[in-house]
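Just below is one structure, and these are the notes that go with it.
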Amino acid sequence: MLDAKYLRNNLDEAASQLARRGFTLDTEQLAEFESERKVIQAKTQELQAFRKSKSKEIGMAKKNGEDASEILASVASIGDDLKSMEARLKNLLDETNAVLMSIPNIPHESSPDGKNEDENIEVRKWGELPTFDFDIKDHVDLGVELGTGWNAKGGLMDFETGAKLSGARFTTLKGPLARLHRALIQLMLNTHTEEHGYSENYVPYLVRPDALRGTGQLPKFKEDLFAIEANEEDIADNKQLHLIPTAEVPVTNMVSDSILDEKDLPLRLTAHTPCFRSEAGAYGKDVRGLIRQHQFEKVELVQITKPEDSMNALDELLGHAEKILQLLKLPYRVVALCTGDIGFSACKTYDIEVWVPAQKTYREISSCSLFGDFQARRMLARYRNKETGKPELVHTINGSGLAVGRTLVAIMENFQQADGSIKVPEVLVPYMGGIKIIK
RNA sequence: GGAGAGGUGGCAGAGUGGUCGAAUGCGCACGCUUGGAAAGCGUGUAAACCGCAAGGUUUCGGGGGUUCGAACCCCCCCCUCUUCGCCA
């Protein structure tokens with residue numbers, strides 16, 4: 001959420017900043033809300049102040065044994081006025097808040113201008129693209145043909161069984177491929193906790209709407225989420241549980257509603273979780289293979305920092321995610337998202353894209369974003385500034401480190417051999433119980 | 001799921017209808033003291049919102065109610081702890 005005060009006092013500037021990302025701010029509506037708010041709030045507070053002082057007088061009079069009936073009479077009539085004023089104010093504030101919650105973050109000045117992903121800017125490339133002296137297969141063909149006969153029928157990557165159990169966009173992995181998938185998670189978590197200074201967390205996979213509002217998935221992107229069935233009462237009370245679309249939600253919200261100690265910052269948090277996305281609006285997109293699933297695993301990196309440290313933290317976190325691909329020797333590139341392509345809550349985002357040989361292109365495998373105080377304001381996550389002694393909003397940063405399923409895809413395709421087997425990256429061999437080739 | 005206890009500031013913890021945004025302690029900040037530190041002493045220290053400011057409003061788990069006035073009384077809900085049951 002943007003700072004309401006900033007918005008009020010710099011409406012036109014905010015509008016032009018938001019226009020950079022293609023968002024049209026309804027300045028007229030906000031100005032109208034604001035002028036109405038001023039009047040109603042002043043009136044309400046005036047009535048409240050009157051009642052408060054009169055009540056105090058009554059209290060004193062009674063204590064002194066004086067007759068308070070005259071003061072009582074003077075305050076008796078304001079009850080209804082005050083009640084209706086308070087109700088109007090509350091309605092107006094709720095309405096305003098609903099609008100504010102739907103306004104995306106203002107892009108950072110360093111985010112390149114652009115309309116869509118075509119205008120993203122490549123920052124760097126790493127690694128050499130593999131060359132093959134045979135006809136390569138994509139991960140689907142590789143996975144389906146691998147280990148045929150293992151477990152009676154089907155290959156190590158079994159889309160039919162996944163579909164039977166749960167429908168489209170669900171997959172089962174078997175045998176050494178399932179283990180490779182697990183090995184990746186272990187490698188990622190170990191690297192981030194042992195070498196990059198992150199603390200490991202285990203978090204709930206079902207969260208309340210408040211948490212989703214905190215990080216910005218709600219109220220605008222409800223259709224992307226899976227929600228648990230709930231009765232109307234729970235829905236009204238904001239208790240309907242939703243499956244997390246990313247660990248960003250539970251991990252970042254760990255610091256919601258709190259005032260952190262400055263000396264504890266930055267917080268570096270990591271967690272491995274499954275992620276669930278309904279992928280509404282993605283029909284026909286990446287229907288083949290493991291790229292776009294309703295359920296996938298991810299190791300997430302989150303940092304909670306002081307405002308002045310956040311930009312460095314983003315660069316640092318990006319490096320931590322890249323490190324995994326370097327360890328795996330997978331070629332990738334880093335892309336700075338343009339203003340038209342950054343997510344709702346982010347002000348600056350780098351995507352890491354890994355080389356996918358069968359598609360002859362780089363595909364997103366991590367998205368590392370700086371949110372400034374946008375999420376912190378929604379979550380009310382603060383730290384006590386030692387110099388001022390006052391609580392101030394923290395900054396939040398997060399990124400995938402990495403998306404596990406897509407990493408598996410990249411390994412299969414980049415390290416495939418002529419006979420359809422997969423060479424296990426060296427760093428993973430210890431996690432694979434010594435298995436060097438998956439066939 | 002049953003029974004009991006409880007939810008108050010950064011933390012611990014008093015407060016059962018009026019001058020209570022709230023004692024006290026810890027923590028934190030500043031000052032005195034010291035060669036320096038500790039201890040000690042003194043002062044200060046909740047948050048959100050409105051306002052250029054002075055100042056004002058709101059908030060004692062959440063929501064309703066009673067009252068001129070609610071941390072305090074009534075109703076509903078949530079959470080935590082103890083305990084019994086059940087259970088991976």
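In this structure the range A:1-131 gives 67 Å² per residue of accessible area when probed at 1.4 Å with all protein chains present.
Near A:Ser400: Cβ cut-off under 14 Å, other residues only, Lys/Arg at +1 and Asp/Glu at -1. The net charge is -2. Here chain A carries DSSP beta bridges of which approximately 90% are antiparallel, counting only pairs with both residues inside. The range A:154-233 and the range A:71-92 have Cα centres spaced 50 Å apart. Between A:Leu30, A:Leu402, A:Leu165, the residue with the greatest mean-square fluctuation in the GNM of chain A (Cα pairs under 10 Å linked by springs) is A:Leu165.
Across the cross-link table entries A:Lys43/A:Lys263; A:Lys263/A:Lys348; A:Lys62/A:Lys83; A:Lys90/A:Lys348; A:Lys90/A:Lys390; A:Lys83/A:Lys386, which are compared at the Cα atoms, the separations over 32 Å belong to A:Lys43/A:Lys263; A:Lys90/A:Lys348; A:Lys83/A:Lys386.
The stretch between A:Ile78 and A:Val429, if pulled fully straight at 0.36 nm per residue, gains 118.7 nm over its current Cα-Cα span. Dividing the summed helix terms, -39500 (n - 2.57) for each DSSP H run of n ≥ 4, by the number of residues in chain A produces a 222 nm estimate of -12000 deg cm²/dmol to the nearest 500. The order of the peptides A:358-369, A:105-116 by mean Cβ neighbours within 10 Å, most packed first, is A:358-369, A:105-116. Return the subset of A:Lys115/A:Lys285; A:Lys298/A:Lys329; A:Lys137/A:Lys174; A:Lys164/A:Lys436; A:Lys5/A:Lys220; A:Lys329/A:Lys360 for which the Cα-Cα distance in this structure is over 25 Å, preserving the input order. In this structure, A:Lys164/A:Lys436 exceed 25 Å between Cα atoms. Taking all protein chains as present, what is the carbon and sulfur share of the accessible area of the range A:1-156, in % to the nearest whole number, probe 1.4 Å? Its accessible area is 49 percent carbon and sulfur atoms.
The values are calculated or read from the model by the stated rules, or taken from the named source; none is laboratory data. Just so you know, these numbers come straight off a predicted model, no measurement behind them. Backbone-built Cβ (ideal geometry, glycine too); neighbour counts: all protein chains shown. With ligands, DNA and RNA removed, areas are computed over all heavy atoms of the protein, side chains included. Shrake-Rupley method; radii C 1.70, N 1.55, O 1.52, S 1.80 Å.
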